[in-house]
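The structure appears right after this line, and notes come after that.
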Amino acid sequence: MSNVKLPAQLQEQLLRLQQLQQTLQAVIAQKQQLNLENSEIDQALDELVKMDDKSVIYKSIGSLLVKSERQKVMGELSERKELLNTRILVLTKQRSRMEERMKSLQRTVQERLQPLS
């Protein structure tokens with residue numbers, strides 16, 4: 001098959017399949033990163049729940065640690081967690097749609113390659 005020149009449309013489909021695979025990998029990596037951040041927020045919230053309102057809390061703002069109120073930090077973390085969960089859900093749906101498109105495109109490419117072998 002090394003001497004066979006693939007039709008332009010098939011070459012384009014193979015390129016699109018490769019691009020989809022790369023995009024899918026990026027989506028998977030982004031989702032993993034968001035899951036990691038979500039886990040860190042869970043751990044922080046678990047620790048904050050164990051403390052009382054009089055405990056001294058510091059939160060990171062850039063390279064600074066700033067004194068803050070426990071309830072305020074818990075609220076901010078809860079909001080961030082909600083946003084992360086929404087983004088994770090969107091990425092999960094996006095991943096699923098991309099996987100379906102890839103399967104369909106793979107079937108099409110395989111069907112078009114069979115007469116060439």
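The values are calculated or read from the model by the stated rules, or taken from the named source; none is laboratory data. Because the structure is a prediction, the values reported are computed rather than measured. All Cβ positions, glycine included, derive from the backbone under ideal geometry; neighbour counts span all protein chains shown.
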**Request:** Answer with yes or no whether Gln9 is under 30 Å from Leu105 (Cα atoms), within 26 Å of the chain's Cα centre (by Cα) and not acidic (Asp, Glu).
**Result:** no
**Prompt:** How many of the residues making up segment 86-117 are surrounded by 13 or more Cβ atoms within 10 Å (Cβ to Cβ) and among the polar types (S, T, N, Q)?
**Reply:** 3
**Prompt:** For Ala44, are the conditions met, namely being of a type in the set (Gly, Ala, Ser) and touching a helix residue (DSSP H, G or I) at 6+ places or on another chain (Cβ under 9 Å)?
**Reply:** yes
**Request:** Scan Leu15, Leu45 and give me the residue that is aliphatic (A, V, I, L, M), farther than 18 Å from Glu99 by Cβ and out of contact with any Lys or Arg (no Cβ under 8 Å at 6 or more places or on another chain).
**Result:** Leu15
**Asked** Can you tell me which residues in segment 1-50 are in contact (Cβ under 8 Å) with a residue 60 or more places away in the chain and of a type in the set (Val, Ile, Thr)?
**Response** Val4, Thr23, Val27, Ile28
**Asked** When only residues in segment 1-42 that are among the small types (Gly, Ala, Ser) and either farther than 30 Å from Glu82 by Cβ or modelled with pLDDT under 95 (or both) count, which is surrounded by the fewest Cβ atoms within 10 Å (Cβ to Cβ)?
**Response** Ser2
**Residue count for segment 71-117, restricted to those that are more than 24 Å from the chain's Cα centre (by Cα), of a type in the set (S, T, N, Q) and in a helix (DSSP H, G or I)** = 4
**Asked** Which of the residues that make up segment 44-70 are under 26 Å from Gln30 (Cβ atoms), in a strand (DSSP E or B) and among the hydroxyl-bearing types (Ser, Thr, Tyr)?
**Response** Ser60
**Request:** Please indicate, with yes or no, whether at least one residue in segment 2-24 is more than 30 Å from Gln114 (Cβ to Cβ) and polar (S, T, N, Q).
**Result:** no
**Item:** Which numbered condition Gln25 misses (of (1) within 30 Å of Leu6 (Cα to Cα); (2) assigned to a strand (DSSP E or B))
**Value:** (2)
